[in-house]
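Any read-out appearing in this document is the output of simple, stated calculations on the displayed coordinates, not a laboratory observation. Quantities reported herein were computed from a predicted structural model and do not represent experimental measurements. Glycine gets a Cβ as well: all are built from the backbone with ideal geometry, and neighbour counts include every protein chain shown.
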Amino acid sequence: MQIDFDEIKDGEHFEDLTIAYFEEEKHTKGDIIDIGIRPSGTGTDGGRDILISFKVTDGIKSFDRIWIIQCKFWNRNISTNEISDINIPSLIHSYNADGYLLICRKKPTAKLTEHFEKLNDNCKFNYNYLIWSGEQFKRLLGKSPENILAQFFPKYYKQMLEMKKLLS
């Protein structure tokens, strides 16, 4: 029994799932004080689907961390060509962000992974460049509260409840 992205209708629904995931992070991570989430809306987004700001504390002082999130709900691996028109460092700079997170339904190609590694290694501003493959995101979602699973993965959630009943 595994979370299946076939239960997600389209890219907008995938973005809604991503927003719901990060909204729940506020309740599960003790060092997060607040989360601000700004979706880009419909239409061309210029490489930004969601802008997330975290107010975090280190026990002494609170500070903000801002991430630009791009979701690719394509039923194929994502290559460098799919994001080649985005100047990611400039995008990060324009939002005064700390990093860029690409979340894929499938996997990034080796070339795209290498591109992000080079961005991380050569960035003079210490920006962060991350990619979550579909499998990574599913593992994170598997630890999500039941309301997210019920809303976005009703078949999986129903199977999970049936399995719990059998085991109890």
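Once the Cα atoms are used to define both axes, helix 154-167 deviates from the longest principal axis of the chain by about 50 degrees. The mean sequence distance of close C-alpha pairs (under 8 Å, at least 6 residues apart), as a share of the length of the range 9-144, puts its relative contact order at 19 percent. Of all aspartates and glutamates in the structure, those lying under 13 Å Cα to Cα from Lys124, and not within fewer than 8 positions of it along the same chain, are Asp98.
In this model, which of Lys111/Lys138; Lys118/Lys143; Lys72/Lys155; Lys72/Lys118; Lys26/Lys111 are farther than 28 Å apart at the alpha-carbon? Long pairs (Cα-Cα over 28 Å): Lys118/Lys143; Lys26/Lys111. Estimated at 0.36 nm per residue, the fully extended path between Cys123 and Lys26 surpasses their Cα-Cα distance by 32.0 nm.
Each stretch of four or more DSSP H residues adds -39500 (n - 2.57); spread over every residue of the chain, this sum gives -12500 deg cm²/dmol at 222 nm. Take the Cα of Lys61, go 7 Å toward its beta carbon, and none of the backbone nitrogen atoms of the range 115-146 fall under 12 Å from that spot.
Here the simple spin-label model places points 7 Å from the Cα toward Cβ, and for Asp34 and Lys155 these points are separated by 4.1 nm. Expressed in Å, the radius of gyration and Dmax of the Cα atoms of the chain are 17.0, 55.
Couplings 3J(HN,Hα) for the range 102-117, derived from phi with the Karplus relation 6.51 cos²θ - 1.76 cosθ + 1.60 (θ = phi - 60°), are 9, 10, 10, 6, 9, 10, x, 6, 4, 5, 5, 4, 4, 4, 5, 4 Hz, where x marks Gly and Pro. Using the average count of surrounding beta-carbon atoms within 10 Å as a protection proxy, the listed peptides 118-126, 103-111, 5-13 rank, highest first, as 103-111, 5-13, 118-126.
Of the residues Lys155, Lys143, the one with the fewest other Cβ atoms within 10 Å heads the list, and the complete ranking is Lys143, Lys155.
At an R0 of 41 angstrom, the distance between the Cβ atoms of Thr109 and Leu167 translates into a FRET efficiency of 0.55.
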